[in-house]
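First the structure, in the form of structure tokens, and then the observations on it.
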Amino acid sequence: MPHTLETLAAKWRDAESVVILTGAGLSTASGIPDFRSPGGRWSRYQPVTIQSFLADEDARREYWQYKGETWQVILAADPNPGHHALARLAQAGRVDLLVTQNVDGLHERSAFPPDRMINIHGTDSAVICVSCERRAERALAQELWESGQAIPLCECGGPWKPATISFGQSLVQNDLSRAFDAAASCDLFVAAGTSLVVGPINEMFSMAKRAGAHTAIVTGSETPFDAHADCKIEDPLQEVLPALAEDLLE
Ligand SMILES: [Zn+2]
């Protein structure tokens, strides 16, 4: 095991409170591309804000065109060894809180304990009616879209929207507070597969750092916090996380 990984495993073993933030880089090994990456199949779609979704039928149709296609990619994907390693660590009580920016549901599908995780940007696995606020399984609305309804509608006549946090929409305050409180009181903070550029959730890094936590960034890309992290590991997550789990759970 390389030295930096050994150090991280040792810190993890000694930590009383471990907090993890995951991002798109964790799911690329599952075949889910970073949907917004330049030149990607989906980069032609302009983000639809919640304001235009509510106000404009064309925006709703365009949004569902994008969401309908990406859901088929998500459905075809499975959790990878990185997801499974995190789930095993959490099941063994080695993770206090996992905050994910991903909306693909792969942490849930890897049996990560649901009471120890937050989908800070919502989830694609459910839909919410923007009129009556009813929540339903994604499949219900997706079937309507696949059967030809350009904008799937709730029984009340309002449009269904995948339960992700859209551009222009604020995060769930309770979730954000819980994430920040956990970061500000942990011993070890691990950013996994995230380039830490999306606010406000990237502030977790600085909060953990200020609280005196050991900070690790495990991602192939550069982040604005690399110079401040106690360790930076650029090897693939689907190798690093299982190696850590094996070391910690032996
Ligand atoms: Zn409704």
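Give the calculated FRET efficiency between D230 and L153 to the nearest 0.05, with a Förster radius of 41 Å applied to their Cβ-Cβ distance. Don't skip to the answer; put the middle values down first.
Details: r = 51 Å, r/R0 = 1.24.
The pair D230/L153 has a calculated efficiency of 0.20.
Scan around A163 for amide H atoms under 5 Å from its own, H built in the peptide plane at 1.01 Å from N, and keep only partners 5 or more places away or cross-chain.
Under 5 Å from the amide H of A163 lie the amide H atoms of T123, A126, V127, I128, each far enough along the sequence or on another chain.
Suppose we keep just the alpha-carbon trace of region 66-127; what are its Rg and Dmax in angstrom?
12.0, 38
Rounding to the nearest 20 debye, state how big the charge dipole of the chain is about its Cα centre with +1 on each Lys and Arg Cβ and -1 on each Asp and Glu Cβ.
400
With both bridge residues required to lie in the chain, what share of the DSSP beta bridges run antiparallel, to the nearest 5%?
Approximately 30 percent, going by the DSSP bridge assignments.
Go ahead and set up a Gaussian network model of the chain, Cα springs under 10 Å, then flag whichever of V190, V130, V103 fluctuates most.
Comparing V190, V130, V103 in a Gaussian network model of the chain, the most mobile one is V130.
Rounded, prolate or oblate, given the Cα gyration tensor of region 60-206, with a/c below 1.5 counting as rounded?
Prolate is the answer for region 60-206, as a/c is 1.5 or above and a/b outweighs b/c.
Over the chain, how many pairs of lysines fall under 24 Å by alpha carbon, counting only those 8 or more apart in sequence or from different chains?
4
So for region 167-247, Kirkwood radius off the Cα pairs, Stokes-Einstein at 37 °C and 0.692 mPa s: how many µm² s⁻¹?
244
Looking at region 95-135, which trypsin sites (Lys or Arg not before Pro) are in a loop (DSSP not H, G, I, E or B) and have at most 16 other Cβ atoms within 10 Å?
R134
For R94, what charge total do you get from the other residues with a beta carbon under 13 Å from its beta carbon, if Lys and Arg give +1 and Asp and Glu give -1?
With Lys, Arg at +1 and Asp, Glu at -1, the net is -3.
Report Rg(Cα)/(2.2 N^0.38 Å) for the chain, keeping two decimals.
Cα-based Rg divided by the globular estimate yields 1.04.
Pick out, from L140, L97, I118, the residue whose Cα sits farthest towards the positive end of the charge dipole of region 92-162, with +1 on the Cβ of Lys and Arg and -1 on the Cβ of Asp and Glu.
Highest projection toward the positive end goes to L97.
No value in this document is a laboratory result; all are computed from the given coordinates. Given the structure is predicted, the values throughout are model-derived calculations rather than measurements. Please note: Cβ atoms are built from the backbone with ideal geometry, for glycine as well, and neighbour counts cover all protein chains shown.
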